[in-house]
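Shown next, in structure tokens, is the structure this report addresses.
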Amino acid sequence: MSHTWRSELEEAGLRLLALLLPPVCVACDRIEGTEALELGLCSDCRRQLQPTPWSVCAGCSRQLEVDPLPDGYLCGSCRQAPPPFERLYSGWSYEPPLVEVVHALKFRRLAFVGASLGRALSHRFRCLSEEADIVVPVPLHWRRHMSRGFNQAEEIARPIASELELPLVRALRRKAATRPQTGLDRASRAANLRRAFTTTRSGRSRIEGCRVLLVDDVVTTRNTLGAATGSLLDSGATSVICLTGGRTPEPI
Ligand SMILES: [Zn+2]
Ligand SMILES: [Zn+2]
């Protein structure tokens, strides 16, 4: 089934679902209006979201007090240990009510929340359509994917790809960690994590020479995005930009 057809069918399905279910806010359970709620939140809860500011470090998305910020500016700790990806963008601080939004997607499988998150991110970061050639979601390990039934990163990545008019490529596969992380030094830990991802055979031919937009639901440390980026670069991607819905308020 073509990508556009799938999105159109999903859109129709979501509209039908919105007619059948009352629009209840995922954070405060309030019923509001008759339309499906943007991000699954009522207007009061939506106002409490904390969008990430524009003046952030390109490597860890931490707010910096330099204004205006030179393009690609890195904070002190990112300069000491630069991330493998070119930059990291996040939509909102990962605290309530965004936590409830992500949980609604992840654990209550409210797919329309993922679609809404993806659309909101693509509107805010529309410039990325010029900076990337393909969109790749961070995969779950197959066992977790089976038990959860879907990959939340892909639910967010699909509408981003369609809004930015870029192909969605499931280029990565997640393997179980080969060795426990404890007791390893920084370099071995990075090497160990790098082995956590591999590129799929079909994905490899699509990655080569491409600028990748790597999408995940939340970033709490840079380990996962860094490892996935390493795998993409090893397979011939020319650069990787990361985009996540949430970013933990703590340093990453
Ligand atoms: Zn609410
Ligand atoms: Zn930084």
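By how many nm would the segment from Thr248 to Leu9 lengthen if fully extended, with 0.36 nm per residue of separation less the alpha-carbon distance?
Details: separation 239, 0.36 × 239 = 86.04 nm, distance 3.36 nm.
Here the segment from Thr248 to Leu9 would lengthen by 82.7 nm.
Suppose R0 equals 25 Å; then what is the FRET efficiency for Leu64 and Thr238 from their Cβ-Cβ distance, rounded to the nearest 0.05? Could you put the intermediate results ahead of the total?
Working: r = 27 Å, r/R0 = 1.08.
Once the sixth-power term is evaluated, E becomes 0.40.
Show me 201-214, 158-171 ranked by packing, highest mean number of other Cβ atoms within 10 Å first. Don't skip to the end; give the middle numbers.
On the way: 201-214: 18.1, 158-171: 20.6.
Packing order, densest peptide first, comes out as 158-171, 201-214.
Label His141 and Arg173 with points 7 Å out from Cα along Cα→Cβ: what is the distance between them in nm?
My value for the distance between the label points is 1.5 nm.
Based on the Kirkwood radius over alpha-carbon pairs, what value in µm²/s does the Stokes-Einstein equation return for the translational diffusion coefficient of the chain at 4 °C and 1.567 mPa s? List each step's numbers first, then the result.
Details: Rh = 18.8 Å.
For the chosen part, D equals 69 µm²/s.
Under 5 Å between amide hydrogens, which residues at least 5 positions from Val218 or on another chain qualify, with H placed 1.01 Å from N in the peptide plane?
Gly245, Gly246
Please list log₁₀ I(q)/I(0) at q = 0.13, 0.15, 0.22 Å⁻¹ for region 45-153, using the Debye equation with identical point scatterers on the alpha-carbon positions.
Taking Cα atoms of region 45-153 as identical point scatterers yields -0.63, -0.82, -1.32.
Leaving out ligands and nucleic acids, note down the accessible area per residue over region 50-247 with a 1.4 angstrom probe, in whole Å². Each step should come with its number before you reach the end.
Details: 9290 Å² over 198 residues.
Value returned for region 50-247: 47 Å² of accessible area per residue.
Please report, in debye to the nearest 20, how large the charge dipole of region 50-247 is about its Cα centre when each Lys and Arg carries +1 at its beta carbon and each Asp and Glu carries -1 there.
Values: 28 positive and 18 negative charges, 225 e Å.
Dipole about the Cα centre, nearest 20: 1080 debye.
Once neighbouring chains are kept in place and the probe is 1.4 Å, which whole percent of the accessible area of region 50-247 is contributed by carbon and sulfur? Spell out each step's value before the answer.
Details: 4540 of 9290 Å².
Roughly 49 percent, rounded to a whole number.
Mind grabbing the base-10 log of I(q)/I(0) for region 30-72 at q = 0.16, 0.28, 0.32 Å⁻¹? Debye formula, identical points on the C-alpha positions, no solvent, two decimal places.
-0.58, -0.94, -1.12
Please state the relative contact order of the chain as a whole percent: Cα pairs under 8 Å, 6+ residues apart? The partial results should precede the final answer.
Details: 447 pairs, mean separation 50.7, N = 252.
Once normalised by length, the contact order is 20 percent.
Rounded to the nearest 0.05, what FRET efficiency do His123 and Ser77 give with R0 = 45 Å and r taken as the Cβ-Cβ distance? Could you check?
Numbers: r = 31 Å, r/R0 = 0.68.
E(calc), rounded to 0.05, equals 0.90.
Along the Cα→Cβ direction, 7 angstrom out, place labels at Ser205 and Asp29. What is the inter-label distance in nm?
5.3
The values are calculated or read from the model by the stated rules, or taken from the named source; none is laboratory data. Because the structure is predicted, anything quoted here is derived from the model rather than measured. Cβ sites come from the backbone with ideal geometry, for glycine too, and all protein chains shown count toward neighbours. Accessible surface areas use protein heavy atoms only, side chains included; no ligands, DNA or RNA. Shrake-Rupley method; radii C 1.70, N 1.55, O 1.52, S 1.80 Å.
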